[in-house]
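Heads up: the structure comes next, in C-alpha cells.
The values are calculated or read from the model by the stated rules, or taken from the named source; none is laboratory data. Remember, it's a predicted structure, so these values are computed and weren't measured experimentally. Counting neighbours? That spans all protein chains shown, and the Cβs are built from the backbone with ideal geometry, glycine included.
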Amino acid sequence: LANREKVEFEDLAGETMLLYSKIGFWQKLHDRTMPHTRFLQQDERRTFNEIVKSSLLPSFTTNLSIKREGKMDERVIVPFSNSEAHVPFYLNCLTKERTRFEPLFQYLKENRHD
C-alpha cells in the first residue's frame with residue numbers, strides 16, 4: 001500500500017490498523033466502509049501517537065493533524081481516493097456578527113486547501 005499514489009477503503013480489507021478512538025463521525029464511516037478491516041483502538045492521544053511511532057501497522061492521519069503535530073518520521077502518507085474521505089467543514093456566525101468575524105473568514109478563504 002505504501003507504494004501507491006492513492007488507496008480506497010476496500011484496499012484495507014483484511015488489514016489490521018491502528019485507530020484513535022475519539023474520532024466522532026469518522027467512526028461510523030469506518031464501520032460502514034471498512035467492515036473487513038480490523039482496528040486496534042486507543043483512546044488516549046499521546047499513547048496512540050507513541051504506538052503509531054513504534055509500530056509497523058498503518059494508521060490514519062489528516063491534513064490538520066499533520067499541520068498540528070508534524071509528519072511522523074518513517075511514515076508514508078497515502079491519500080484516499082474515496083469521495084467520502086473528503087469532508088467539507090463550514091464556519092458560520094450570526095449575521096449581526098459578520099463584521100467581527102470578517103478577518104477570520106478572509107483568512108480561511110486565503111488559506112483553504114481544496
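Working carefully through the options Lys67, Lys28, find the one that is closer than 18 Å to Glu84 by Cβ and loosely packed, with under 11 Cβ neighbours inside 10 Å. Don't jump to the end; show me each part of the working.
Numbers: Lys67 fails: closer than 18 Å to Glu84 by Cβ.
The conditions single out Lys28.
Where in the chain are there helices (runs of 4 or more DSSP H), lying fully within it, with 1 or more residues that are of a type outside the set (Gly, Ala, Ser) and at pLDDT 90 or above? Before the answer, list the steps.
Numbers: elements: 26-33, 45-54, 63-69, 98-110.
Counting at least 1 such residues, we get 26-33, 45-54, 98-110.
Quick one: how many residues across the range 87-104 are under 30 Å from the mean Cα position of the chain (by Cα) and surrounded by 10 or more Cβ atoms within 10 Å (Cβ to Cβ)?
From the range 87-104, those under 30 Å from the mean Cα position of the chain (by Cα) are 87-94, 98, 101-104; that's our starting set.
This time we only want the ones that are surrounded by 10 or more Cβ atoms within 10 Å (Cβ to Cβ), so: 87, 93, 98, 101-102, 104.
Adding up the residues that qualify gives 6.
Select from the range 9-25 the residues that are farther than 12 Å from Ser59 by Cβ and more than 14 Å from the chain's Cα centre (by Cα) and write down the one among them that is surrounded by the most Cβ atoms within 10 Å (Cβ to Cβ).
The qualifying residue surrounded by the most Cβ atoms within 10 Å (Cβ to Cβ) is Asp11.
Show the residue pairs meeting these rules: Cβ distance below 8 Å; 6+ apart or different chains; first residue within the range 77-102 and more than 19 Å from Lys67 (Cβ to Cβ); second residue in a loop (DSSP other than H, G, I, E, B) and charged (D, E, K, R).
Ser81/Lys6; Ser81/Glu8; Asn82/Glu8
Give the residue that is surrounded by the most Cβ atoms within 10 Å (Cβ to Cβ), with candidates limited to residues of the range 31-63 that are among the small types (Gly, Ala, Ser) and within 16 Å of Leu12 (Cβ to Cβ).
Step one: filter the range 31-63 for residues among the small types (Gly, Ala, Ser), giving 54-55, 59.
Add one more test, that the residue is within 16 Å of Leu12 (Cβ to Cβ), and what stays is 55, 59.
Details: Ser55: 12, Ser59: 19.
The residue in question is Ser59.
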